[in-house]
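The structure appears right after this line, and notes come after that.
Just so it is clear, none of the values below were taken in a lab; they were calculated from the coordinates. Please read these numbers as outputs of a predicted model, since none were measured by experiment. Glycine gets a Cβ as well: all are built from the backbone with ideal geometry, and neighbour counts include every protein chain shown.
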Amino acid sequence: MNEGAPPPTERLAQAIIDAAITWSIRLDYNTPSVEEQQAFERWLNADPLHLLAWQRVHSLRGFQGDLGELSPKLALDTLRKAQHHRERHLLSRRTAMKLLSLAGVAVAAGWIAHDNTPWQRLLADASTAVGEQKTLHLDDGSVVVLNTDSAVSIDLDGPRRFIILRRGEILVTTGKDAGQSARRPFWVYTPFGRMQALGTRFVVRLGGQRTRVSVQEGAVELHPAEGGESAVVYNGESRWLTKENSVPAEAQGFDVDGWSEGVITGQNIRLQDLLAELARYRPGRIACDPSVAELRVSGHFLVRDTDRTLQFLAQTQPISVTYRTRYWVMVGASD
């Protein structure tokens, strides 16, 4: 194990918390193989913060005991039931937390019931960790690329094809649905509404209380969850979808699908916006001082090696990059 334990008040990165909870569920719900146990021990010994996260998860009142008293099927079924009701907008956040607590996984800090927690990955057919990307080639010929920290469920068996975006961001290129007597409609569902692809290539990104839909080819028809007026997004356009309606989305300054090639690319990007994007691909936090937030940058910036990108920015811009810890980076004006 690395020498030197972190102080008790160390703020843990969300990715480490996610990993600790996921390991706890995997180990408590199953009889781990020798390989799984060894993988867990390697993770635990890789960083003192991993041990701290593991201790905090298991120190929370009732977490370990409740998990041990429930069967895996009961806990997972409860999680699925909670997610099903939330997707149908029949369950408030408070009620969802109560329901999740029956499975013994409503952690005191709210990690499990929060919108950005790993239980969504447990319900998904495919997911990515922070900094990871994954390409799925579906049986209908469609291609779905998952960006960092994303999760989807997929169903291609019925009269219509659909994907549930549970967290994060995806790039969808719809297939021709070969082998079917008629081409079935293709839908993507989000907490804020659903959308039908009209022979297209498009990006869907969850953010706060809305979803951004950006179309590169064809068109996508948006349907707000609470019955607002539908709208069509055409090639080159972006719209915000909320539960009530949809509105045009402002330009981001960088290509909305560049991440699928491993880069953020654009012209005249606000430094603060670029750093916020880079932060999605690494655990922890990148803080931008207001004195440099409005600096403008252009080019191609790697998302698969964010430290290298930060070093490049420090060499080409009047900024300094300071690592308070490996998970906390400060960007300010150079001396």
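Things worth noting here:
- R0 of 30 Å, Cβ-Cβ distance ASP335-ARG304: FRET efficiency to nearest 0.05: 0.50
- Think of each Lys and Arg Cβ as +1 and each Asp and Glu Cβ as -1; about the Cα centre, that makes the dipole of the stretch 205-335 roughly 560 debye.
- The dipole here belongs to the stretch 258-333: it is taken about the Cα centre, uses +1 on the Cβ of Lys and Arg and -1 on the Cβ of Asp and Glu, and is about 220 debye.
- Rounded to whole Hz, the Karplus (6.51, -1.76, 1.60) HN-Hα couplings of the stretch 155-168, x for glycine and proline: 9, 10, 8, x, x, 9, 8, 8, 10, 9, 8, 8, 6, x
- Sorted largest first, the principal axis extents computed over the alpha-carbon atoms of the stretch 258-333 equal 30, 24, 18 Å.
- In terms of its C-alpha gyration tensor, the stretch 126-248 has an oblate overall shape, because the principal axis ratio a/c (a ≥ b ≥ c, square roots of the eigenvalues) is not below 1.5 and a/b does not outweigh b/c.
- Test item: Cα-centred dipole of the stretch 126-248, Lys/Arg +1 and Asp/Glu -1 on Cβ, debye: 40
- Of all DSSP-defined beta bridges confined to the stretch 258-333, some 75% are antiparallel rather than parallel.
- Selection among LEU222, LEU241, ALA314 by position relative to the dipole of the stretch 193-335 gives ALA314 as farthest towards the positive end (Cβ unit charges, Cα centre).
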